[in-house]
1. Of the numbered conditions (1) of a type outside the set (Gly, Ala, Ser); (2) more than 12 Å from the ligand (Cβ to nearest atom); (3) buried (at least 20 other Cβ atoms within 10 Å of the Cβ), residue 286 satisfies every one except a single condition; which is it?
2. Which count do you get for residues in the stretch 18-59 that are open to solvent by less than 60 Å² (accessible area, probe 1.4 Å), modelled with pLDDT under 95 and out of contact with any helix residue (DSSP H, G or I) (no Cβ under 6 Å at 6 or more places or on another chain)?
3. Examine the stretch 83-92 for a residue that is open to solvent by less than 50 Å² (accessible area, probe 1.4 Å) and under 21 Å from residue 27 (Cα atoms), and state whether such a residue exists.
4. When you scan the stretch 165-203, how many residues do you find that are surrounded by fewer than 22 Cβ atoms within 10 Å (Cβ to Cβ), more than 16 Å from the ligand (Cβ to nearest atom) and in a strand (DSSP E or B)?
5. Within the stretch 61-82, take every residue that is open to solvent by less than 20 Å² (accessible area, probe 1.4 Å), in contact with a strand residue (DSSP E or B) (Cβ under 9 Å, 6 or more places away or on another chain) and of a type outside the set (Gly, Ala, Ser) and give me the one that is farthest from the ligand (Cβ to nearest atom).
6. Filter the stretch 83-111 down to the residues that are within 15 Å of the ligand (Cβ to nearest atom), in a helix (DSSP H, G or I) and of a type in the set (D, E, K, R), then identify the one that is farthest from residue 58 (Cα to Cα).
7. Select from the stretch 289-307 the residues that are surrounded by fewer than 20 Cβ atoms within 10 Å (Cβ to Cβ), within 11 Å of the ligand (Cβ to nearest atom) and of a type outside the set (A, V, I, L, M, F, W, C) and list them in ascending order.
Amino acid sequence: MATAPPEEMPIADAESVYFNNYPPPKNLPKHESLARAFINHHVEEKRRLVLVTSGGTTVPLENQTVRFIDNFSAGTRGATSAEYFLEQGYAVIFLHRQFSLLPYSRHFSHSTNCFLDFMEEAPPSSSSDSENGPLMVCSEYQDQMRDVLRRYRYAKQNNRLLLLHFTTIVEYLFELRLLAKLMYPLGADALFYLAAAVSDFFIPRDRMAEHKIQSSELPASMSKSQDSEKSDIYTGTNDMEPPKNSKKLVIDLDPVPKFLHRLVDGWAPPGSMIVSFKLETDPNLLVYKAQTALKRYSHHLVIGNLLSTRKWEVVFVTPDPPYERWIRVPKSKRSKSISGVEDQVGLAEVKKLHESEHLQNTEAHTSHETQDGITGGTEIESLIIPELVKLHSAMVEKAGRGS
Ligand code: 9Z3
């Protein structure tokens, strides 16, 4: 039976073992025709196109999935970045986790900013018999909502934004491979912005329980048809004397093969720009891990961020000088974030600051007009995307000169 590819297997072989192990996602043919038409349209228009990935990937524990492992990502980074790419004239394929935040609607879709709170019912008109008044946007939100609505409608009417979704890690990888290959005709006009929080671990299909994992013993007559018995490595007891009616769930995950290699070396169009994100929680590790990823995959940029400060600072780690460059929202413009820890801003850079005087800091070198989010404060993506577009422009120009 096929399993997860061994670490030492050549990467292209590991790829086929992985993909041959799974049926393609049901939506893939539909996504393929939508993406092909979208990409061809923008190739004809000679427009740059960015693939933004966004949100978390699930790791199912059962084939007929009741339970799965997930992560924290709501897709804020991806959805917000997509808007700023559109503003910069890019066409955007937004490959997102289903039901995560979407560009534009994100401003009104979550529980702290529910769209219903922005609306009211006006009194019924005196000339009509109806008791129903027209629905209106509350006067204090009219300007904000009109602005978002206009930008949304512009993107839609001009065919600038294609939304495609995934749920599981396997679906994500199938979609990524498909889209990267379809983007071939874009050449250097293609940009990959991999902000999705992709699981590092998964359960190979042949080791996955078919049915819902049972938490208690079934009568012997029924358990034959179940694959979640004591011998099942995903459910079972470790104790010498297990409780009679309940089981422990032991989950044994394999590492997901490193597909960034294949994206860089096979799937993505030659000359295109590839940007990945590195997420850490330990400030001492962030820059090191971002540098390691850049060396390992030989792509163009790793954007490092800490879970606790990701809305206020990121670091651009590049193969060329300045190698490490911090982008920060000025203190007075930082949004209040429920999960963020403001005291940790700067911690991942502190060591370097002591060591080297020439390292430029950061709040000052963001020369752009900052842009305020609807919930107040500057969105860091309004600083990240213009900087990134400059780097992409340099690559496009270089490709145009044939070097
Ligand atoms: C990121 O680091 C994103 O910035 C966040 C955004 C997931 C932190 P939110 O959705 O969060 O706005 O709440 N994405 C990439 C994380 C990741 O999985 N990176 C891999 C890694 O760190 C490499 S591709 O190993």
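1. (2)
2. Here the count works out to 2.
3. Residues of the stretch 83-92 that are open to solvent by less than 50 Å² (accessible area, probe 1.4 Å), as a first pass: 83-86, 89-92.
Those still in the list that are under 21 Å from residue 27 (Cα atoms) too: 92.
Within the stretch 83-92 (the criterion being open to solvent by less than 50 Å² (accessible area, probe 1.4 Å) and under 21 Å from residue 27 (Cα atoms)), the answer is yes, since at least one residue qualifies.
4. 0
5. Going through the stretch 61-82, the residues open to solvent by less than 20 Å² (accessible area, probe 1.4 Å) turn out to be 61-62, 75, 78-82.
Subsequent filtering for residues that are in contact with a strand residue (DSSP E or B) (Cβ under 9 Å, 6 or more places away or on another chain) retains 61-62, 75, 78-79, 81-82.
Checking the rest, the ones that are also of a type outside the set (Gly, Ala, Ser) come to 61-62.
On the way: 61: 20, 62: 24 Å.
My answer is 62.
6. This residue is 83.
7. Applying the first criterion (surrounded by fewer than 20 Cβ atoms within 10 Å (Cβ to Cβ)) to the stretch 289-307 yields 289, 291-293, 295-298, 307.
Filter once more, so that each one left must be within 11 Å of the ligand (Cβ to nearest atom): 289, 292-293, 296-297, 307.
If the condition is that a residue be surrounded by fewer than 20 Cβ atoms within 10 Å (Cβ to Cβ), within 11 Å of the ligand (Cβ to nearest atom) and of a type outside the set (A, V, I, L, M, F, W, C), then 289, 292, 296, 297 are the ones that fit.
Table: residues versus (1) modelled with pLDDT of 90 or more; (2) open to solvent by less than 70 Å² (accessible area, probe 1.4 Å); (3) in a loop (DSSP other than H, G, I, E, B); (4) of a type in the set (Ser, Thr, Tyr).
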{"site": "336", "(1), (2), (3), (4)": "no, no, yes, no"}
{"site": "343", "(1), (2), (3), (4)": "no, no, no, no"}
{"site": "348", "(1), (2), (3), (4)": "yes, yes, no, no"}
{"site": "361", "(1), (2), (3), (4)": "no, no, yes, no"}
{"site": "369", "(1), (2), (3), (4)": "no, no, yes, no"}
{"site": "388", "(1), (2), (3), (4)": "yes, yes, no, no"}
{"site": "397", "(1), (2), (3), (4)": "yes, no, no, no"}
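The values are calculated or read from the model by the stated rules, or taken from the named source; none is laboratory data. Since the structure is predicted, the reported quantities are computational estimates derived from the model, not experimental observations. Please note: Cβ atoms are built from the backbone with ideal geometry, for glycine as well, and neighbour counts cover all protein chains shown. Only protein heavy atoms, including side chains, enter the accessible area calculation; ligands, DNA and RNA are left aside. Shrake-Rupley method; radii C 1.70, N 1.55, O 1.52, S 1.80 Å.
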